[in-house]
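Structure first, commentary second.
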Amino acid sequence: MAVEIRHLKEAETAEYLGCLRTAFLTDREVTVEEASWKAARTELGRTFCAFVDGVLCGTARTFPTDLTVPGGFVKASAVTEVTVLPTHHRQGLLRQMMQAMLDDAIERGEPVAILTASEWQIYGRFGYGPASERVSFEVRAPEAEFFAPRTGSVAMVGVHELRSLAPEVYERVRPVTVGALSRDPQWWDMILNIENPPSSPPPKSRVRVVWRDDSGQALGYAIYDPTENWVLGRPASEVIVREMFAATPEANRELWRYLCELDLVATVRANHRAVLQDDAISYPATLSDNGLRMCQKIVANLRVPVDGHETMQHRIPADHRAFIDEAVRPYMRTFSNFGCFRDHRGGMNLGKIGSRGRK
């Protein structure tokens, strides 16, 4: 069995998508249009694929981003689209792809590698550990009560208007949200549905709203999908919040108020919410406990320092530097395993919890 780990070629994009979709249990059929669209938006030099006897059997890629850490930002290699075909599990393909990505991050001067894992148990062997959290909310809308008086105004907007407003709001939130990533223009166009993959249009019911304060400044926005439902003749519709960012506690409160006061809506769900240092922004501020059915913190993002710990220490104030006391080396040789703890301000630190060798 001949194994080769190399960058993807443009002509192999359809094969890449087929492998990716097989592993994630989705439609394996790839059209020419889909392959061309993906190839045009993928930096092939940051793909790391496993070929066995010339056949693509594993996928992985990275993209550059700035990661928010306590006290500042650090350049990071964001790992994504990691798959191995079920016919080739436990043959060392994942290990070789992970090694190639970490080596590449070091060469690019990116001191941290990050990922969000669908199966987190896999990645501990490569030095990854939990380093930030997210929270999910389910609110019974008819029972929600807001004690603070209403302020500002909420307005529905189109995708292009939101495209002009959302980045400024996000950039106010990102510096205080540990684990947040920078977004380039292509990311914004994708997440706001200005640009959509072939055969994957956004739901026609999707709604976008912006909250402005009394001076007219946009300080928060929400994107949500409503689903109509009736039970025994009574309205039981649900709203799924796809994205919501608020630069102030007031913006957060008023966006939640708007969502909970929608007609015919019984439940508002918001997943993947950041756990911020300022809980007034992270949680539905001034919302009574009667309407909050579930508030569950779960591990969301996994981080592993790759190399160049001095760079991270340089960016982080001295009172946060309890977390690295020796250089981190590539995981296949000797690596330090890092966990997370919260400092006195509620921020995240990466804490060294042991070292071990890998062959």
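What follows is calculated from the coordinates using simple rules that are stated; it is not laboratory data. Treat the numbers as computed from the prediction; the structure is a model and nothing was measured. Note that we place each Cβ from the backbone using ideal geometry, even for glycine, and neighbour counts take in every protein chain shown.
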Around Pro64 (Cβ within 10 Å, Cβ-to-Cβ, excluding Pro64; K/R +1, D/E -1) the net charge comes to -1
Can you give me the long-range amide H partners of Thr65? Hydrogens built in the peptide plane at 1.01 Å from N, cutoff under 5 Å, separation of 5 or more residues or another chain.
Ala76, Ala78
Output row, site Asp225, 7 Å Cα→C-beta label point, backbone N cut-off 14 Å, window region 1-23, residues none
Give the residues of region 126-156 whose amide nitrogen is closer than 19 Å to a point set 7 Å from the Cα of Ala236 in the direction of its Cβ.
138-144
For region 146-287, share of DSSP beta bridges that run antiparallel, in % to the nearest 5:
80
Taking 0.36 nm per residue of separation and subtracting the Cα-Cα distance, what length does fully extending Phe147 through Glu161 add?
1.9 nm
If you consider only alpha-carbon coordinates, what radius of gyration and Dmax does region 1-52 have, in Å?
11.2, 33
Among 151-161, 225-235, how do they line up by average Cβ neighbours within 10 Å per residue, starting with the highest?
151-161, 225-235
Quick one: if the Förster radius is 41 Å, what FRET efficiency do Val207 and Met1 give, using the C-beta to C-beta distance and rounding to 0.05?
0.20
Apply the Debye scattering formula to region 146-287, with a single equal point scatterer on each alpha-carbon and no solvent, then give log10 I(q)/I(0) at q = 0.09 Å⁻¹.
-0.28
Would you work out if region 196-266 is rounded, prolate or oblate? Take a ≥ b ≥ c from the square roots of the eigenvalues of the alpha-carbon gyration tensor; rounded if a/c is under 1.5, else prolate when a/b is larger than b/c, oblate otherwise.
oblate
Straight-line reach from Lys204: which aspartates and glutamates have Cα under 14 Å away, leaving out those fewer than 8 places along the same chain?
Asp225, Glu228
